[in-house]
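Contents: one structure, followed by commentary.
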Amino acid sequence: MNLHFAPMACSLATRIALYEAGAPASFTPVNLKSKSLADGSSFLDLAPLGQVPALLIDDGTVITESTAVLQYVADRFPESKLAPPSGLQRTRLQQWLGFIGTELHKGIFIPLLDLHASDEVKRWGRDKLASRFALLQAHLERQDLLLDEISVADAYLFTILNWTRVTGIDLSRWPAIAAYHQRLAQRPAFRKATAEEWALYQAEEANKNN
Ligand SMILES: N[C@@H](CCC(=O)N[C@@H](CS)C(=O)NCC(=O)O)C(=O)O
């Protein structure tokens, strides 16, 4: 399987899940601005919205949307136990994936990261963030992970929390969230995926400035 990704973007969550699962995978960087791949081909042929993650699986099928891609990886490698197989725990996983994807990723962080978003939009995002982080803080005061065991939802939330750094959100205001983020950063799969993509991200930034 091949993950189309951009360094430190939401696709990092899928790389983490693949590493946690010990899954054989290759990785293709996408230029999100030009919507092209390094060989000059159009990413839009693969993913019409031009968004990562896009996971190309062995029969040529492309899976997009983080919540679907992450659950696909978890289900394809059930021994990794990255998703409860069924029942209320599976529903809870989907609840968290929905919360992270809509309330945090798209609802708040994409506007905060958008270079064209007005100050008013960014203020609105920050105001909205308070109630969402309060909910997370309360949950993580009670338990170490989103579910009882590590899951793809933790990989996704970790990835989004990385963006607090670049959006100037001081995580120390939410100590249980900050501690959770630090704990996950110590897990080998999280550490390896983040170190690799951080290096790629920095190289891209250096290229932009040259
Ligand atoms: N709904 C998609 C959104 C993915 C998304 O927003 N990806 C961003 C990177 S974090 C992207 O590719 N942005 C480029 C664009 O929207 O043109 C998902 O949940 O996977």
TODO: Quick one, could you list the DSSP H helices from the chain stretching 24 Å or more along their long axis (Cα atoms) with average Kyte-Doolittle hydropathy of -1.0 or above?
DONE: 119-142
TODO: Take every Cα-Cα distance within the chain, group them into 5 Å bins from 0 onward, and report for each bin the whole-number percent of pairs it holds.
DONE: 1, 7, 15, 20, 20, 18, 12, 6, 2, 0, 0
Task: Charge dipole magnitude, Cβ of K and R +1, D and E -1 - the stretch 1-128, Cα centre, debye nearest 20 - done: 360 debye
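Return one quarter of the surface area of the convex hull spanned by the alpha-carbon atoms of the stretch 102-210, equal to its mean projected area, in nm².
7.5 nm²
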Task: Contour minus Cα-Cα distance for ALA134 and LYS106 (0.36 nm per residue) - done: 8.3 nm
TODO: Output the antiparallel fraction of DSSP beta bridges having both residues in the chain, as a percent to the nearest 5.
DONE: 70 percent
- [ ] Please go through the residue pairs LYS35/LYS208; LYS122/LYS192; LYS35/LYS128 and name each one whose alpha carbons sit more than 25 Å apart in this structure.
- [x] LYS122/LYS192; LYS35/LYS128
Open item on the list: Give me the percent of accessible area attributable to carbon and sulfur for the chain, probe 1.4 angstrom.
Closed with: 54 percent
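Based only on the alpha carbon positions, what is the Kirkwood hydrodynamic radius of the stretch 87-154, in angstrom?
Numbers: mean 1/r = 0.0762 Å⁻¹.
Taking the inverse mean of 1/r over all distinct Cα pairs, the stretch 87-154 comes out at 13.1 Å.
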- [ ] Report the extension gain between SER36 and GLN202 in nm, rounded to one decimal, defined as 0.36 nm multiplied by the number of residues separating them, less their alpha carbon distance.
- [x] 57.8 nm
TODO: Once you've got the GNM for the chain with C-alpha springs shorter than 10 Å, pick whichever of VAL69, VAL121, VAL30 has the biggest mean-square fluctuation.
DONE: VAL121
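For n ≥ 4 DSSP H runs only, could you compute -39500 (n - 2.57) per run for the chain, divide by its residues and tell me the 222 nm figure to the nearest 500?
-16000 deg cm²/dmol
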TODO: With a point put 7 Å past each Cα toward its Cβ, work out how far ASN209 is from GLN89 in nm, to one decimal.
DONE: 4.6 nm
Task: Under 12 Å, Cβ to Cβ, from ASN31 - net charge with Lys/Arg +1 and Asp/Glu -1 - done: +1
TODO: Under 12 Å from the Cβ of ARG187, count the other residues' Cβ atoms, weight Lys and Arg +1, Asp and Glu -1, and hand me the total.
DONE: 0
TODO: Roll a 1.4 Å probe over the protein chains and send me the accessible area per residue for the stretch 61-185 in Å².
DONE: 50 Å²
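The values are calculated or read from the model by the stated rules, or taken from the named source; none is laboratory data. Since the model is a prediction, treat every value here as computed from it, not as a measurement. Methodologically, a virtual Cβ is constructed for each residue, glycine included, from the backbone with ideal geometry; neighbour enumeration extends over all protein chains shown. We work out accessible area using only protein heavy atoms, side chains counted, and drop any ligands, DNA or RNA first. Shrake-Rupley method; radii C 1.70, N 1.55, O 1.52, S 1.80 Å.
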